[in-house]
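The values are calculated or read from the model by the stated rules, or taken from the named source; none is laboratory data. If you're wondering where the values come from, they're calculated on a predicted model, not measured in any experiment. Every residue, glycine as well, gets a Cβ built from its backbone with ideal geometry; the counts of neighbours run over all protein chains shown.
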Ligand SMILES: [Zn+2]
């Protein structure tokens, strides 16, 4: 391999390495939980908490109503037993029974409200659960693809780095220094290919003598316009 070809190959490897390193960074930052997944989980947890709250309310109210019913039937039995004769005491018991019945009515209204809320939050929980499962399945799929891509990129980067080191080891120090200098001053591109008699990067049509000199491949030939090392593919 002649010098321009070696430098051109090195440039290709290094550009490829940079692109792959950038992609690897992107992939690595996309690994892990996404905002969407977290939001879906939070929505599910919130609907579960609401459902539990209303279920507890319902059970509490049912218990309160049951114990109230017992007190009411005890009072009713007492009243109907005929044991209480004192009108004042009788009136007191009737008033008390009336108050218990009002209380029972109020608790039954609350129970109805709780039952409606339980149904409503069950539906919302089911919906949130379906959304979460769907989101989680898609996320898993994405994560699997991303980690496969990460592994692939890491392998390719290791391979290219080895190739790069090997090539750099074979290049003369002055040619390497020249390559580095141009790369820094010419936007990362030190070598340009000649295509159709023109410099591929700056587009200028090159004198035939320059094209011929570049084709011979002994020593470095530079673009008359952008100053990059010229390379001709056979
Ligand atoms: Zn040029």
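Looking at the stretch 118-131, is at least one residue more than 30 Å from residue 51 (Cβ to Cβ), under 42 Å from the mean Cα position of the chain (by Cα) and modelled with pLDDT of 95 or more?
First, the residues of the stretch 118-131 that are more than 30 Å from residue 51 (Cβ to Cβ): none.
No, that holds for no residue.
So, of the residues in the stretch 194-211 that are under 23 Å from residue 1 (Cβ atoms) and near the ligand (Cβ under 10 Å from one of its atoms), which turns out to be farthest from the chain's Cα centre (by Cα)?
The selected residue is 206.
Quick one: would you say residue 152 is part of a helix (DSSP H, G or I) and in the same structural domain as residue 63 (by TED's automatic domain parsing)?
Here the answer is yes, as residue 152 does meet what is asked.
For the stretch 139-146, does any single residue satisfy the condition of being away from the ligand (no atom under 16 Å from the Cβ), part of a loop (DSSP other than H, G, I, E, B) and exposed (fewer than 11 other Cβ atoms within 10 Å of the Cβ)?
Scanning the stretch 139-146, I find no residue that is away from the ligand (no atom under 16 Å from the Cβ), part of a loop (DSSP other than H, G, I, E, B) and exposed (fewer than 11 other Cβ atoms within 10 Å of the Cβ), so the answer is no.
So which residues in the stretch 163-193 are within 15 Å of residue 219 (Cβ to Cβ), touching a helix residue (DSSP H, G or I) at 6+ places or on another chain (Cβ under 7 Å) and within 16 Å of the ligand (Cβ to nearest atom), if there are any at all?
179, 191
Which of the residues that make up the stretch 212-226 are near the ligand (Cβ under 8 Å from one of its atoms) and either exposed (fewer than 15 other Cβ atoms within 10 Å of the Cβ) or without any contact (Cβ under 8 Å) to a residue 40 or more places away in the chain (or both)? I'd like the intermediate steps shown before the answer.
Within the stretch 212-226, the first condition is being near the ligand (Cβ under 8 Å from one of its atoms), and the residues that meet it are 223-226.
The answer is 223, 224, 225.
Out of (1) part of a helix (DSSP H, G or I); (2) at pLDDT 95 or above; (3) closer than 28 Å to residue 16 by Cα, what's the single condition that is false for residue 189?
With (1) part of a helix (DSSP H, G or I); (2) at pLDDT 95 or above; (3) closer than 28 Å to residue 16 by Cα applied to residue 189, the lone miss is (1).
Regarding the stretch 14-26, can at least one residue be identified that is more than 25 Å from residue 145 (Cα to Cα) and not assigned by TED's automatic domain parsing to the domain that holds residue 150?
For the stretch 14-26, residues more than 25 Å from residue 145 (Cα to Cα) and not assigned by TED's automatic domain parsing to the domain that holds residue 150: present.
Write out, first by first residue and then by second, each pair whose Cβ atoms fall under 6 Å of each other, whose residues are 6+ apart or on separate chains, and whose first residue, in the stretch 138-152, is under 15 Å from residue 34 (Cα atoms) while the second is part of a helix (DSSP H, G or I).
139/37; 146/27; 146/30
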